[in-house]
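First comes the structure, then the notes that go with it.
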Amino acid sequence: MRAGLKRTVWLMLLIGLVMPAWADVQVKGIRMWPAPDNTRLVFDLSDPVDHSLFSLKTPDRIVIDLKDARFPGQLPDFDFTNSYIKNVRYAARKGNALRFVLDLNAQVRPKSFVLKPHGEYGHRLVIDLFDAEQAAPPKSLPNQGTRPDRAREVIIAIDAGHGGEDPGAIGRKGTREKDVVLAIARKLERLLQQEPGMRPVMIRDGDYYVGLRDRVEKARQYQADLLISIHADAFNDHRARGSSVYVLSDRGASSEAARFLAQSENSADLIGGVSLDDKDDLLKLVLVDMVKNSTIEDSHDVAARVLRDLRHVNTLHKNRVEQAAFRVLKSPDVPSILIETAFISNPEGERKLRSSRHQDALANAILGGVRSYFHSNPPPGTVLASSRPKRHVVSRGDTLSEIAARYRVSVGTIRRHNGLRSDRLKVGEVLHIPLT
Ligand SMILES: [Zn+2]
C-alpha cells in the first residue's frame, strides 16, 4: 500500500516534468486585418507560445518561428488586397517547431506581441507590419491647409468604435457593433463633407482595429477641433435602451451604466490587441489641468447639443450628458464626446441600428448638434469664425448706405434683417448684419 502510494507520487512527478514537452501549443487559426498604415496578422493559440521573428531580404520576407507548436488546420483563404503580405507559407521544423514565412510586397518594420485570453478570444500572437520607409508609426497624416492667411475649416474627427479583431458588442441577431458604428460614421462623414466650413476626418475607415491611444493621437495629429466616438454597446440589462452622450470624467462615473461601459470600452485594447510597451506618455500630458478643464467644458457643450438633437430620433437613456472615464476621450486639448447611439443588446435597438434610414437619422442628429455648437463657438481662424453674423453699433454720423458698404451687404438686406421702417438710425442702436 505504502509502496503503491510512493509509486503514484513518483509517476505524477515524472509526468509533471515531461508534460511541457508533450503539450504542444496548437495554432487554431490565423486572421489578417489590413489597415491603411499597417497589416496585422493574428495567430489564435491554445496556450501561450514562445516565438521568434526575423526579416529576410531579396525577396522581402518575415520568418516567424513558434516553439513546440503544431498547426493541425489549414491556412485560410486570405484576401491580400491592400496588405503588405502577398503570401503565407508554413512548415514543421526540427524539434517540434513551426515556421511561418510571410512573403511581402515591400520592406516592412515588424512588431510582435502576445495577448492573453479576453472575452471570446484565447491566447494570441499578434504580428504588426509597418511600412519600413516611414519613421515611427503612426504615419504623417494629411494636415489642414498651411496657409496662415487663409481661414481654415473646422476639423471633425469621426471615430467609429472597435474594428478588426474587436467586434465590439454583438446583438442577439448577430449584429456587430463595429459594423453599424462604421456605417453611421460614414454617413456622418458624407454629411460633414457637404457642410460649409467643416471637414471630417475618419479615425478608422475600414474593418481594422485602432488602439485607443492611437485614436486620441490621430485626432490630435489632424488638429481636430472635435472628436466624436460612435458606439452601440451592450449592457447586461437587455431592457436598457436609448441614446446617451458621454464626456470625460476624472472621478466617478455618473451612473452604473456609465461605469460598466467605461470598463468594457477601455478593455477594447485587450481584445483589439495593442502592445503595451510604450504606454501612457499622453496621460502625463493630460495633467495640464487648465487646458483639460476647458476642454471638458467645451465637450460638455457639444454633448448637450448633440443630445438635444438625438432626442428627436431616439429615446434618451438619460436626460443629461453623462460622464465616464473613457480612454478615447482623454485628449487634453481636443474636445471629445462619445455617443452611445443605442444599446445593441436591446432587440428594438438592434433592429433600428441595422436600418439605413435610422442610421441616416442618427448621423443627421449628430450633425445638428455639432453645427449648432460650432456656429455659436467658432474656433478663431476658421471659416466659420469669419463668416459669423456681425453686430454693428450705430455711432454718430453713421448712415445706412455707409454701413451696408462696409459689410458688403445691400441696404435692403440690413433693413429687412433689422425690421427697419425708415433709414433713420439712432446712436447706440445695434444692427445685426447677416451672413453674406
Ligand atoms: Zn463600443
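The values are calculated or read from the model by the stated rules, or taken from the named source; none is laboratory data. Quick caveat, the model's predicted, so the values are computed rather than measured. Neighbour counts run over all protein chains shown; Cβ positions are idealised from the backbone, glycine included. Accessible surface areas use protein heavy atoms only, side chains included; no ligands, DNA or RNA. Shrake-Rupley method; radii C 1.70, N 1.55, O 1.52, S 1.80 Å.
Quick look at the values:
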item	result
All strands (runs of 3 or more DSSP E) inside region 92-196 with 3 or more residues being under 18 Å from Arg215 (Cα atoms) and at pLDDT 95 or above	154-160
Inter-residue pairs, beta-carbon under 7 Å, first touching a residue at least 40 places away in the same chain (Cβ under 8 Å) and in region 78-98, second part of a loop (DSSP other than H, G, I, E, B) and of a type in the set (Lys, Arg), 6+ apart	none
Residue within region 332-344 that is assigned to a helix (DSSP H, G or I) and surrounded by fewer than 24 Cβ atoms within 10 Å (Cβ to Cβ) present	no
Filter result for Asp68 (farther than 14 Å from Asp103 by Cα, surrounded by 14 or more Cβ atoms within 10 Å (Cβ to Cβ), among the acidic types (Asp, Glu) and in contact (Cβ under 8 Å) with a residue 60 or more places away in the chain)	no
Of the criteria (1) surrounded by fewer than 23 Cβ atoms within 10 Å (Cβ to Cβ); (2) closer than 18 Å to Glu153 by Cα, which one Val370 fails	(1)
Odd one out for Leu384 among (1) in contact (Cβ under 8 Å) with a residue 24 or more places away in the chain; (2) under 30 Å from Gln193 (Cα atoms); (3) out of contact with any Phe, Trp or Tyr (no Cβ under 8 Å at 6 or more places or on another chain); (4) open to solvent by less than 40 Å² (accessible area, probe 1.4 Å)	(3)
Test set (1) open to solvent by 20 Å² or more (accessible area, probe 1.4 Å); (2) modelled with pLDDT of 90 or more - His231 fails condition number	(1)
Residue that is farthest from Thr58 (Cα to Cα), among those in region 76-132 that are among the hydroxyl-bearing types (Ser, Thr, Tyr), under 28 Å from the mean Cα position of the chain (by Cα) and surrounded by 14 or more Cβ atoms within 10 Å (Cβ to Cβ)	Tyr121
Filter pass, His432 being closer than 23 Å to His375 by Cβ, open to solvent by 40 Å² or more (accessible area, probe 1.4 Å) and either among the aliphatic types (A, V, I, L, M) or part of a helix (DSSP H, G or I) (or both)	no
Any hit, region 342-354, residues being more than 24 Å from the chain's Cα centre (by Cα) and either under 20 Å from Ala224 (Cβ atoms) or modelled with pLDDT of 85 or more (or both)	yes
Region 215-228, subset away from the ligand (no atom under 16 Å from the Cβ) and of a type outside the set (A, V, I, L, M), residue surrounded by the fewest Cβ atoms within 10 Å (Cβ to Cβ)	Gln223
